[in-house]
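The values are calculated or read from the model by the stated rules, or taken from the named source; none is laboratory data. Small disclaimer: the values here were computed from a predicted structure and weren't measured. So basically every Cβ, Gly included, is an ideal-geometry build from the backbone, and we count neighbours across all protein chains shown. Quick note on the areas: whole protein, heavy atoms, side chains included, nothing else; ligands and nucleic acids left out. Shrake-Rupley method; radii C 1.70, N 1.55, O 1.52, S 1.80 Å.
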Amino acid sequence: MKNDYYFHGSDLEEIQRKYNIKPENITNFAANVNPLGLSPNLQKELSNNLDIITTYPDRDYTNLKKVISEYAGTNVENILVGNGTSELISSFIRHVSPKKAVIIGPTYSEYEHEVSKTGGKAYYLPLYEEDDFKLNIDYLLNKLDKSTDMLIICNPNNPTSSCIDLVTMRHILDACKENHIYVLIDETYIEFVNAIEAYSAVSLSQFYSNVIILRSTSKFFASPGLRLGYAITGNPDLIAKINRTSKPWMINSIASEAGQIMFKDTDYIKETLDLINKERDYCYNAFLELDGYKPYKPYANFMLVKINKKNVTSNDVFEKAIKKGMLIRNCSTFPFLTSEYFRFCFMKHEDNVKLVECVERV
């Protein structure tokens, strides 16, 4: 059966219908979620505190923000919490209401959708294959001027897994500050990066009032259904503006309690980083050895691969993998990518070995 639909990592029910494979029998390399699953400590603590749903959460989320501030290394007053990063993306774009937004792509399509909802125009600044999808900072700076209201950066970027270091990000913020451009940085995958302090922009938020940094619990803490995200910005006026218009209790009691547990779960955090660092190296080196495939150096918990085989497309690789119960991401629908590209996230070692062996036989 040929796939006529480009599956997202959450489309397991659709996969079941088309391929007659039960979701529990699928290894999901497409969702970019921590392969360790939910922390056992979080499961235990939440199950022992389910009575928290009998009361309203704290309207200001004081305890949650305190834990986040310690975890992320920022001031409590710089934090906003939201119903996942999707809600925060929408909220910030709505309040800034950019007439012209520049998006570094290929990347997550929701940024463009949210800009269009406000009546603005989104323009993609492409990452080029000949640069291994790394940002050309000079090219970017030459494209920014006072006609731009917002710059949107996913760092590390999805699906390329490329990453902008702190020194480069400072240059970007300087140029944007000079031109009165807001910078929205989505750091959903930053916690998977080795030496996070060299790449996260959180420390810069105390110097730049034009930067908004988004974080999520969906991927690193394997809890996409929790819908807990947070934003960090050193712009008190923007925070006040959003707080005035936000609905109360956007985060439910369970999500608030879970956040206070997971951000202090040091054993789980260390185990995750140890696993991802090891499997990232394994997968990258394994694909370097495969004939007909070009992996791009990954910084996050996933990797983009180009197919250099004649008459082989990402759909062919997808079909081969799904018939073995492995779901990867066909990247044809991303801007600037073609049917030569696919993406997969790093799972446990035995699963990664199976995927490498499967792809090698395509």
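Probing with 1.4 Å while keeping every protein chain in the model, the per residue accessible area of region 37-158 equals 50 Å². Here the chain carries DSSP beta bridges of which approximately 50% are antiparallel, counting only pairs with both residues inside.
Within the chain, which is the longest segment containing none of the chymotrypsin sites (Phe, Trp or Tyr not before Pro) that sit in a DSSP loop and have at most 16 other Cβ atoms within 10 Å? Free of exposed loop sites, the longest segment is 7-127. Remark: accessible surface ordering of H349, H171 (largest first) is H171, H349, probe radius 1.4 Å. Size descriptors for region 57-171, from the alpha-carbon set: Rg then Dmax equal 16.1, 50 Å. Relative contact order for the chain: 24 percent, from Cα pairs under 8 Å spaced at least 6 residues apart, divided by residue count. Put the Cα centre of region 213-282 next to the Cα centre of region 294-320 and the gap is 29 Å.
Do you know the relative contact order of region 30-185, to the nearest whole percent, from alpha carbon pairs under 8 angstrom that are 6+ apart?
18
The order of S246, S253 by accessible area, most exposed first and with a 1.4 Å probe, is S246, S253. Decide, for region 170-280, between rounded, prolate and oblate: order the square roots of the alpha carbon gyration tensor eigenvalues as a ≥ b ≥ c, take rounded if a/c falls under 1.5, and otherwise choose prolate if a/b is larger than b/c, else oblate. Since a/c reaches 1.5 but b/c is at least a/b, the shape of region 170-280 is classed as oblate. Three principal axis extents of region 321-362 based on alpha-carbon atoms, in descending order, are 32, 20, 15 Å. For the chain, compute the orientation-averaged projected area of the C-alpha convex hull (one quarter of its surface), in nm². So the Cα hull casts an average projection of 18.0 nm².
To put it simply, the accessible area of the chain at a 1.4 Å probe is 48 percent carbon and sulfur.
Report the relative contact order of region 171-230, percent, no decimals, based on alpha-carbon pairs under 8 angstrom and at least 6 residues apart.
Reported as a whole number, the value is 35 percent.
Looking at region 165-312, the accessible area is 42 square angstrom per residue; that uses a 1.4 Å probe and ignores ligands, DNA and RNA.
With the convex hull drawn over the C-alpha atoms of region 229-362, the volume per residue is 179 Å³.
Sorted from largest to smallest, which semi-axis lengths in Å does the alpha carbon gyration tensor of region 1-138 give for its equivalent ellipsoid, taking the root of 5 times each eigenvalue?
Taking √(5λ) for each eigenvalue gives 31, 28, 17 Å, largest first.
Which of the residue pairs K310/K354; K44/K320; K117/K241; K177/K270 have a Cα-Cα distance greater than 28 Å in the structure shown? Flagged as over cut-off: K44/K320; K177/K270.
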